[in-house]
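Bear in mind these aren't lab numbers, they're just calculated from the coordinates by the rules spelled out. Remember, it's a predicted structure, so these values are computed and weren't measured experimentally. Counting neighbours? That spans all protein chains shown, and the Cβs are built from the backbone with ideal geometry, glycine included.
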Amino acid sequence: MGQVWQEMNCTQCSVYFSFPLENTFTGVVKVHCGICRHYHQRYVVQGVVQEDGRYNKGPAVMEIDILKSQCYPRSRVNEIREKMELARKKKFDERDAVPCKEGEVVQEMSADDKVRRAHIEELWLDKYANEKFG
Ligand SMILES: [Zn+2]
């Protein structure tokens, strides 16, 4: 048993996300976008998402909720493929890591997310201080 990772694109809000499926799984799934919650119904054969068979292979047997943090603005698969192609042509000497700016792989946090993060940091600091100093 192994996992098959694949990247999908949400055409409703234009983000990409990736997720794993077991290679022993065959059936219909509903994948909910982490940003707009639009659902994508797909037929999966041995862990691989298929283009055909979305609506004629029976009802979905599993729903997958993608987290907001799993979404990113540009296809990482395409970017890595482009870099690998350049490496094959000896125009780029990095094979398995793609340098990129923070803004390309992570999304700017909203004001609400910043407040939530600050609150969680404060809770952890309180917990640490309490354990350390009583
Ligand atoms: Zn979406």
If you fit an axis through the alpha-carbon atoms of helix 111-133 and take the longest principal axis of the Cα set of the chain, what angle between them do you get, 0 to 90°, nearest 10?
50
Residue-by-residue Karplus 3J(HN,Hα) for region 52-65, coefficients 6.51, -1.76, 1.60, Hz, glycine and proline x
9, x, 4, 10, 10, 10, x, x, 5, 9, 8, 10, 10, 9
Can you divide the C-alpha Rg of the chain by 2.2 N^0.38 Å and report the result to two decimal places?
1.39
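Let me know the charge dipole size of the chain about its Cα centre in debye, to the nearest 20, where only the beta-carbon of Lys, Arg (+1) and Asp, Glu (-1) is charged.
400
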With label points built 7 Å along Cα→Cβ from the Cα atoms of ASN23 and GLU82, find their separation and express it in nm.
3.0
Mean-square fluctuation maximum in Gaussian network of the chain, Cα pairs under 10 Å, restricted to VAL45, VAL28, VAL61, hits VAL61
